[in-house]
Amino acid sequence: MLFSMKFGVLVFPGSNCDHDTHHVVSELLDEPATFLWHASEDLEGADAILVPGGFAYGDYLRTGAIARFSPVMQSVKRFAAAGGPVLGICNGFQILCEAGLLPGALMRNAGQRYICRQVYLRTETGSSLFTQGISRGEVLKMPIGHMEGNYFCDEATLEDLRRHDRIAFRYATRDGEITAAANPNGSLDHIAGILNEGRNVLGMMPHPDRSSEALLGSADGLRLFQSLAASLATAAS
């Protein structure tokens, strides 16, 4: 009997990548997906939670600051604490940091301008539910679209991220070199994505949902969703 996994896509007032994310799962992976409204605590039996990009609650106060208190995020916290996989993309990454599911914070871009363009990411670990199908050192092409993508944390947290292989992606050149010019927003240590201690929560600023079909300029992002689906299938077998 084949295992069919169910993905839950959160929807906040101001989400604008929820349908992109749902499309990847339902149309490209051909797996069941459901939208989960911010005001509900019911995760509807989802096996994985996807927190999409956008401007949750208009990004009032600061990005993710209001979304962290939503009923659905209280359920997501319990889900993640029990080992459930959670992927936060762009605004989703910001929300996960505000909710305490990931350390650090996303600040204003170093240039104080909104950035929307393609970037390159170097995969820093293949040891996670989301990257197990990607080799360490592989370079992926994905777009970014954010004003607050400048990742920051204190020195102790950064050292912990490095020591425990929790930096998932770094901004790099097409050839995988880590240079100042390849860092679009000033992120500390060129960080583009990180994992939690349990390695079941990933937050990243670049958009794998917007780079899952060649028509969009890159299909590299699909590999993260495929890795997650394969991890879920393996766990269920």
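What follows draws every value from the coordinates through simple rules; no lab data is involved. Remember, predicted model here, so these are calculated numbers, not experimental data. FYI the Cβ positions are ideal-geometry reconstructions off the backbone, even for glycines, and counts take in every protein chain you see.
Descriptive notes on the structure:
- Test set (1) surrounded by 15 or more Cβ atoms within 10 Å (Cβ to Cβ); (2) free of Cβ contacts under 8 Å to residues at least 60 places away in the same chain; (3) closer than 20 Å to CYS97 by Cα - HIS164 fails condition number: (1)
- Any hit, the stretch 124-136, residues being part of a loop (DSSP other than H, G, I, E, B), among the β-branched types (Val, Ile, Thr) and within 24 Å of VAL9 (Cβ to Cβ): yes
- Filtering VAL72, VAL86 for residues that are more than 21 Å from ILE144 (Cα to Cα), crowded, with 19+ Cβ neighbours inside 10 Å and either in contact (Cβ under 8 Å) with a residue 40 or more places away in the chain or not β-branched (Val, Ile, Thr) (or both) leaves a single hit, VAL72.
- Residue in the stretch 109-121 that is in a strand (DSSP E or B), out of contact with any helix residue (DSSP H, G or I) (no Cβ under 9 Å at 6 or more places or on another chain), touching a residue at least 12 places away in the same chain (Cβ under 8 Å) and buried (at least 22 other Cβ atoms within 10 Å of the Cβ) present: yes
- Extreme residue, surrounded by the most Cβ atoms within 10 Å (Cβ to Cβ), among residues of the stretch 24-38 that are outside any loop (DSSP other than H, G, I, E, B) and either among the polar types (S, T, N, Q) or without any contact (Cβ under 8 Å) to a residue 40 or more places away in the chain (or both): LEU36
- Among the residues of the stretch 158-174, those that are assigned to a helix (DSSP H, G or I) and farther than 17 Å from MET204 by Cα comprise GLU159, ASP160, ARG163.
- Restricting attention to the stretch 137-149, the residues that are among the small types (Gly, Ala, Ser) and part of a loop (DSSP other than H, G, I, E, B) total 2.
Quick grid of which residues meet (1) closer than 18 Å to LEU101 by Cα; (2) hydroxyl-bearing (Ser, Thr, Tyr):
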{"residue": "PRO143", "(1), (2)": "no, no"}
{"residue": "MET147", "(1), (2)": "no, no"}
{"residue": "PHE169", "(1), (2)": "yes, no"}
{"residue": "THR179", "(1), (2)": "no, yes"}
{"residue": "GLY186", "(1), (2)": "no, no"}
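- Test result for GLY84, in a loop (DSSP other than H, G, I, E, B) and out of contact with any His (no Cβ under 6 Å at 6 or more places or on another chain): yes
- Screening PHE130 with (1) surrounded by 16 or more Cβ atoms within 10 Å (Cβ to Cβ); (2) in contact with a Ser or Thr (Cβ under 9 Å, 6 or more places away or on another chain); (3) free of Cβ contacts under 8 Å to residues at least 40 places away in the same chain gives one miss only, at (3).
- Candidate set: the stretch 1-18, residues that are loosely packed, with under 14 Cβ neighbours inside 10 Å and of a type outside the set (A, V, I, L, M); chosen: the one farthest from ALA236 (Cα to Cα): SER4
- Residue in the stretch 204-217 that is closer than 24 Å to GLU27 by Cα, of a type in the set (S, T, N, Q) and surrounded by 15 or more Cβ atoms within 10 Å (Cβ to Cβ) present: yes
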